[in-house]
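Written below as structure tokens is the structure these notes are about.
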Amino acid sequence: MTSDGLLLAIETSCDDTCAAVLDGRRILSNVISSQAKAHEGFGGVVPEVAARHHLELVEPVVEAALAEAGVTLDEIEAVAATVGPGLIGALLVGISAAKGIAAARRLPFIPVDHLQGHVAANFLEPEPLEPPFLCLIASGGHTMLCGVRDHEGYELLGQTLDDAAGEAFDKSARLLGLGYPGGPLIQKEAEGGDPEAFEMPVAMARGPGLDFSFSGLKTAVLYRCRELGPVGVEERKADVAASFQAAVVEQLRTKLKRALKGGEWGAVALGGGVAANGPLREAVAALCEEMGLRLKLVPIALCTDNAAMIAAAARYVEPIPYPDYLGYDAFASGEKTAAVAH
Ligand code: KG4
Ligand code: ZN
């Protein structure tokens, strides 16, 4: 099913408070208020701090999204929100806000799976990508290969067995004293480093499997830091960052290539925060060229968490009429919301 018309979407599954207004596939506004500053002292997202910040930010962010789109709430036809997976307290703020806005106007509410949102970022204007395609999603909470055959869901072909790729970036950045979020900081640091300076493990480089593993890589960074000592880490930070990043990119590229060889995929898409990584984009672009495949790289603002991608996914979810959604809950794990995955 598809719903056209003006849609307001809210995304609060992690540490970004996001709201967007879409007219069909066209983004009228996509407002993201990052809480990164609130969490950087902790080296990661503190769930309770995230929920409290969402509570303060959700109203101004929704107002900003409406103002930027040049529409009022009276023109909105449905309200969507991420219902999981994510931090439960953070999700509840977004869902409650969305249900409240919808209920006050007797509008339908559309529950959206966060990961389906990352897939659906590819359906947005300009140059929307139509299924079938293979989508690699690498974020702070997930790393997975999705076979996308329609707009409604995806087939999970492989996923991480331990840490997510973004989590490995964040934890390694913390070990290197670089701050949070780690991905962009490691990428920047790595620019001045030698990717071959240190040997780093590429998990399951051989064999047919499509799953990922990044915890060994994080441990390798820990051991290199211990061997180097504080002064050595300062001196060789760029080399460690570059070697780590190269190993993450190599693992993602290897599994992606393996999945592509096993299926009839005409196009490849990248999603999730780690898809903002320059060397990963370059490696996947080279792979696609080598294999003669179309590559869709969504703008970086649509790779990291945002509400436009939630609205894009919402178009293919059955809206729940008022008042049936008033008791609708949030889900920390993907099991309930993964009804979309098939
Ligand atoms: O999709 P996202 O915004 O939130 C989650 O759903 O997790 O992804 C955030 C993750 C963080 O771990 C962050 O370090 C990583 O994406 N990230 C990057 C880059 N930009 C963000 N990782 C590598 N290189 C980047 N340039
Ligand atoms: Zn995400």
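The values are calculated or read from the model by the stated rules, or taken from the named source; none is laboratory data. Note that the coordinates shown come from a computational prediction; the quantities given were computed from them, not determined experimentally. No Cβ is skipped: glycine too gets one built from the backbone with ideal geometry, and neighbour counts run over all protein chains shown. All accessible areas refer to the heavy atoms of the entire protein, side chains included, with ligands and DNA or RNA removed. Shrake-Rupley method; radii C 1.70, N 1.55, O 1.52, S 1.80 Å.
When DSSP beta bridges are restricted to pairs lying wholly in segment 130-297, around 55% turn out antiparallel.
Taking N as the number of residues in segment 130-297, what value does Rg over Cα atoms divided by 2.2 N^0.38 Å take? So the Cα radius of gyration is 1.03 times the expected 2.2 N^0.38 Å.
Calculated mean residue ellipticity at 222 nm for the chain: -14000 deg cm²/dmol, from DSSP H runs with n ≥ 4 weighted as -39500 (n - 2.57), summed, divided by the residue count and rounded to 500. For the chain, the solvent-accessible area of protein heavy atoms averages 41 Å² per residue (probe radius 1.4 Å; ligands and nucleic acids excluded). The relative contact order of the chain comes to 26 percent, based on Cα pairs under 8 Å that sit 6 or more residues apart.
Full extension of the chain segment joining residue 34 with residue 286 gains 87.5 nm, where the gain is 0.36 nm per residue of separation less the Cα-Cα distance. With R₀ fixed at 51 Å, the C-beta to C-beta distance from residue 4 to residue 199 puts the FRET efficiency at about 0.45.
What the pair-distance distribution of segment 243-342 shows, using all Cα-Cα distances binned every 5 Å from zero, is 2, 10, 15, 18, 17, 15, 10, 5, 4, 2, 0 percent. In the frame of its principal axes, segment 199-287 has Cα extents of 50, 26, 19 Å, reported largest first. Find the relative contact order for segment 130-297 and round it to a whole percent, using C-alpha pairs within less than 8 Å whose residues are 6+ positions apart. About 28 percent, as a whole number.
Largest GNM mean-square fluctuation across 253, 206, 52, computed for the chain with C-alpha springs under 10 Å, falls on 206. Accessible surface ranking for 304, 254, 1.4 angstrom probe, highest first: 304, 254. On the beta carbon distance between residue 26 and residue 74, with R0 = 22 Å, the FRET formula returns roughly 0.65. Available extension along the chain between residue 188 and residue 49 is 47.3 nm, counting 0.36 nm per residue and deducting the alpha carbon span.
For residue 53, the solvent-accessible surface with a 1.4 Å probe is about 60 Å², rounded to the nearest 10. Averaging Cα coordinates gives a centre for segment 99-122 and one for segment 237-294; these two points are 30 Å apart. Counting lysine pairs in the chain that sit 8 or more residues apart in sequence, or on different chains, and whose Cα atoms lie under 19 Å apart gives 13. The alpha carbons of segment 124-206 stretch over 42, 34, 22 Å along the principal axes, in descending order. For the chain, modelled as a GNM whose springs connect Cα atoms under 10 angstrom apart, the maximal fluctuation among 156, 91, 256 occurs at 156. According to the calculation over all Cα-Cα pairs in the chain, the P(r) per 10 Å bin from zero is 6, 27, 33, 23, 10, 2, 0 %.
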